[in-house]
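The values are calculated or read from the model by the stated rules, or taken from the named source; none is laboratory data. Owing to the predicted nature of the structure, the values given are computational and were not obtained by experimental measurement. Positions of Cβ are generated from backbone atoms using ideal geometry, with glycine treated the same way; all protein chains shown enter the neighbour counts.
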Amino acid sequence: MKVYLINRRDVAVFQGEKQLCVKRKGGAEFVEPVAADGEEVTLRFYRRSEFAAKNWWLYVMFFWIIGICGICTPRYGKFVHALDCKVKFTADENGRVDLRFTHYLDEKGQREVPAVENVGSGITEMEGNCYVRDDLALRRRKRYKVLSALARLACFAALVVIVVKAIIG
Amino acid sequence: MENEIIKSQFEKRLGSTLMRLSWLMAFLAYIPALIMAFITVMALALVLKILVMLAIVVCTLFLVLLNEGFREKFRTSIDSQEIEAVQQFAERAYGVFSVAMPLMIALTAAFIVASVVLAFVQKEKKGRTSRVVSAILCALVMTIAAVTFYGMGA
């Protein structure tokens, strides 16, 4: 059975404790949960920012150094909020499940936009299908940006001093 | 689950960073060729300048040679001090790159291999093809740079 994932981006899919391999065919992404016909399957869609990790500063510092002042490492995403959604359905050999993702968090609390939506049929239960605001990751990202800019300036200044000294010397 | 996510994010970021680093190395490997091209263009420009001056001399039936300023310009054009200075700089740069080039080639190769391996280790198939294409192109660019460098040296 295939579970199609529309607009998934960086959301990881788990079945139990095992992360499922997201396959691609003709531009469509899907996962194939392991389950016998008629068995109830629970998939967990999980997303956490790199800044939410425990040793986030070690992580970002490592990539800042090996990425030459962070220039050669991909930018950290602006959207840092967390998702932990559980989806239950009954496995059917010939059936398919379509899930659409929306990466949006209502900052003002005016309307709740579901991050995971069932487009077709077959889902029996869905819980936690909205992004949860992660202020800590947001603050860490801001802190990283400021410190990175300052460190880059310091490195540049040091380089200028070294070059000037080499030329004069 | 959290550990798996962190591991997957780490692998993804490491692969991308290594790919970017290998591209940076591949572009840096073109510096000696650029220096050589700069010297060639400079020499050509100098020859062109002298030819234009000679044409002016012939057109004015050598009368322009009576002008002290023109004679001075002619003398400074032929003066080889400038070219020597540039040549010295090029030789120094070449010396640096003859040591750095094998290291750059080895590092690029290692980064490309590591990046491709990391792309295939991940549980997401998204981005694998683009990573392989990028790796092939980077290897090609680096090979051309190396061939140009060692070809020029020979």
Test: residue in the range A:145-167 that is hydroxyl-bearing (Ser, Thr, Tyr) and either closer than 23 Å to A:Arg9 by Cβ or in a strand (DSSP E or B) (or both): no
Subset of the range B:10-60 that is of a type in the set (Ser, Thr, Tyr) and surrounded by fewer than 15 Cβ atoms within 10 Å (Cβ to Cβ) - its residue that is nearest to the other protein chains (Cβ to nearest Cβ): B:Thr40
Neighbours by Cβ (under 6 Å, 6+ apart or cross-chain): first from the range B:102-121, in contact (Cβ under 8 Å) with a residue 60 or more places away in the chain; second not in a helix (DSSP H, G or I): B:Met104/B:Ala29
Filter pass, B:Ser115 being of a type in the set (Ser, Thr, Tyr), within 19 Å of the chain's Cα centre (by Cα), closer than 30 Å to B:Met142 by Cα and part of a helix (DSSP H, G or I): no
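Hey, could you check the range A:76-86 for residues that are surrounded by fewer than 19 Cβ atoms within 10 Å (Cβ to Cβ) and within 23 Å of A:Phe14 (Cα to Cα) and say which is farthest from the other protein chains (Cβ to nearest Cβ)?
The extreme case among them is A:Phe79.
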Residue check, A:Tyr76 within 30 Å of B:Leu28 (Cα to Cα), under 16 Å from the mean Cα position of the chain (by Cα) and not basic (Lys, Arg): yes
Evaluation of A:Gln15 against (1) crowded, with 20+ Cβ neighbours inside 10 Å; (2) within 14 Å of chain B (Cβ to nearest Cβ); (3) closer than 30 Å to A:Ser121 by Cα (one fails), failing number: (1)
Subset of the range A:18-30 (residues that are at the interface with chain B (Cβ under 10 Å from one of its Cβ atoms) and assigned to a strand (DSSP E or B)): A:Lys18, A:Gln19, A:Val22, A:Lys23, A:Arg24, A:Lys25, A:Glu29
Filter pass, B:Val99 being more than 14 Å from every other protein chain (Cβ to nearest Cβ), exposed (fewer than 12 other Cβ atoms within 10 Å of the Cβ) and over 23 Å from A:Glu29 (Cα atoms): yes
Filtered residues of the range A:50-75 (kept if of a type outside the set (A, V, I, L, M, F, W, C), facing chain B (nearest Cβ under 9 Å) and crowded, with 19+ Cβ neighbours inside 10 Å): A:Glu50, A:Gly67, A:Thr73
Condition met for A:Leu147 (within 30 Å of B:Arg13 (Cβ to Cβ) and modelled with pLDDT under 85): no
Helices (runs of 4 or more DSSP H) wholly inside the range B:1-97 containing at least 3 residues that are touching a residue at least 40 places away in the same chain (Cβ under 8 Å) and out of contact with any Ser or Thr (no Cβ under 9 Å at 6 or more places or on another chain): B:2-28, B:31-59
Count of residues meeting criterion [of a type in the set (Lys, Arg) and modelled with pLDDT under 90] in the range A:118-143: 1
Residues (free of Cβ contacts under 8 Å to residues at least 40 places away in the same chain and either of a type in the set (D, E, K, R) or crowded, with 16+ Cβ neighbours inside 10 Å (or both)) located in the range A:18-46: A:Lys18, A:Gln19, A:Leu20, A:Val22, A:Lys23, A:Arg24, A:Lys25, A:Glu29, A:Phe30, A:Val31, A:Glu32, A:Tyr46
Any hit, the range B:9-17, residues being within 24 Å of B:Val113 (Cα to Cα), modelled with pLDDT of 95 or more, in contact with a Cys (Cβ under 9 Å, 6 or more places away or on another chain) and not small (Gly, Ala, Ser): yes
Selection status of B:Phe70, surrounded by 13 or more Cβ atoms within 10 Å (Cβ to Cβ), over 30 Å from B:Lys7 (Cα atoms) and within 14 Å of chain A (Cβ to nearest Cβ): no
